[in-house]
1. Going through the range 21-34 one residue at a time, which ones are open to solvent by 40 Å² or more (accessible area, probe 1.4 Å) and either part of a helix (DSSP H, G or I) or hydroxyl-bearing (Ser, Thr, Tyr) (or both)?
2. Find all pairs meeting these conditions: Cβ atoms under 6 angstrom apart; at least six residues apart or on different chains; first residue within the range 44-55 and open to solvent by 10 Å² or more (accessible area, probe 1.4 Å); second residue hydrophobic (A, V, I, L, M, F, W, C).
3. From THR228, THR323, THR235, grab the single residue that is under 21 Å from the mean Cα position of the chain (by Cα), open to solvent by less than 30 Å² (accessible area, probe 1.4 Å), of a type in the set (Ser, Thr, Tyr) and closer than 15 Å to TYR103 by Cα.
4. Kindly check whether there is at least one residue in the range 298-306 that is assigned to a loop (DSSP other than H, G, I, E, B), within 20 Å of LEU191 (Cα to Cα) and in contact (Cβ under 8 Å) with a residue 40 or more places away in the chain.
5. Identify the residue in the range 263-280 that is assigned to a loop (DSSP other than H, G, I, E, B) and touching a residue at least 12 places away in the same chain (Cβ under 8 Å) and, among all such residues, is nearest to ALA119 (Cα to Cα).
6. Looking only at the range 56-82, filter to residues that are within 18 Å of GLN152 (Cβ to Cβ) and acidic (Asp, Glu); which one of those is most open to solvent (accessible area, probe 1.4 Å)?
7. Go through the range 252-267 and give me each residue that's over 15 Å from HIS125 (Cβ atoms) and out of contact with any helix residue (DSSP H, G or I) (no Cβ under 8 Å at 6 or more places or on another chain).
8. So the check is Cβ under 6 Å with 6+ separation or different chains; which pairs have a first residue in the range 217-246 that's part of a strand (DSSP E or B) and a second one that's aliphatic (A, V, I, L, M) and open to solvent by 10 Å² or more (accessible area, probe 1.4 Å)?
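The values are calculated or read from the model by the stated rules, or taken from the named source; none is laboratory data. None of these values were measured; they are calculated from a predicted model. As a convention, Cβ positions derive from the backbone with ideal geometry for all residues, glycine included, and neighbour counts pool all protein chains shown. Note: accessible area is taken over every heavy atom of the protein model, side chains too, but ligands, DNA and RNA are not part of it. Shrake-Rupley method; radii C 1.70, N 1.55, O 1.52, S 1.80 Å.
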Amino acid sequence: MKEILQKLLNHEFLTREEMKQILVGITHSEYPNEQVTALLTALQMRGVTVDELLGFRDGILETGVPVILSADRYIDVVGTGGDRKNTFNISTTSCFVIAGAGYKVAKHGNYSATSVSGASNVIQHHGIKFTADIDQLNRSLDEAGIVYLHAQLFAKAMKFVGPIRKALEFPTIFNLLGPLVNPSQPKCQLLGVANLDQMRLYHQVYQKIGIDYGIVNSIDGYDEISLTGDFKVTTNQYEKVFKPQDLGFDIAKPEELVGGATEEEAAQIFDAVLENRALQAQKNIVLANAAFGIQVMEGGRKSIEECIAIARESIDSGAALRTFHKFVEINS
């Protein structure tokens, strides 16, 4: 590790294999916390390369618990987090809308690090019991069309760096890794990033991994489509800046996205969207994010207008809510 830190001090880059071995070493408690802290800080100050990120990803997947799902094609919708906007659970809500529309979803998530309620918070709030049992996970995917993978059950390496990440109080390479270490390794992903630098990074990462992807960023700093202003989307097929009006949506106010002050308030918004009684802005934001996820699943063959219509039908028909109720029934 001393050699690695010296490389970083010399502004050198690390190889994918070096990063993988470091991650494996962390899981074997080979390094004191001070050295791991120095490593994470140095990488954050310099900026992470594609190979460095993929090396840590390789290490997390190798030391973790793999999940073999029965479906061949399914999607994960996730954000990098760390945008400090404390939005309601937009990605998680969108997942149930996508599943309600008949697409398979394997949502990977965790407890919140920077907002009131993360994906695992809102899922657990509804009485869901997290599991790593493959039969149970596949039953959920087969019968409800959606499965939830609680990160802490699968990415064993994360527990070794948890206290360090909490003490640092700034985003690290592990914030970037979250979206890349879904243990089922989906072939489709919609990712929300907090800035355009991250968009470029993940664009290169996804091209190396070789999956169908959409990366979204709201220009005003949200790691999802917020509809508070212009947003950029990069996929396998195109790169484009949209205005909310382009999709037939009104501009949302930042206060309409806030997830509340408690887990209970965040869960109430989640419920309201699926029950089709949320604020129009809240529904529109979920529709927009779900629609781009559906477009990824369709391999870009449907227009975004068609995908919005599919997402809207999922909510308006009650299909998204029925999907959620079935999911709760299977996993409680």
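1. Matches in the range 21-34: GLN21, SER29, TYR31, ASN33, GLU34.
2. Hits for this filter: VAL48/ILE173; THR49/PHE13; VAL50/VAL205.
3. THR323
4. Within the range 298-306 (the criterion being assigned to a loop (DSSP other than H, G, I, E, B), within 20 Å of LEU191 (Cα to Cα) and in contact (Cβ under 8 Å) with a residue 40 or more places away in the chain), the answer is yes, since at least one residue qualifies.
5. In the first step, residues of the range 263-280 are kept if they are assigned to a loop (DSSP other than H, G, I, E, B); the result is 275-279.
Retained after the next criterion (residues that are touching a residue at least 12 places away in the same chain (Cβ under 8 Å)): 275-276, 279.
Values: GLU275: 18, ASN276: 20, LEU279: 20 Å.
That would be GLU275.
6. GLU62
7. PRO254, GLU255, VAL258, listed by residue number.
8. Matching pairs, first to second residue: LYS232/VAL241.
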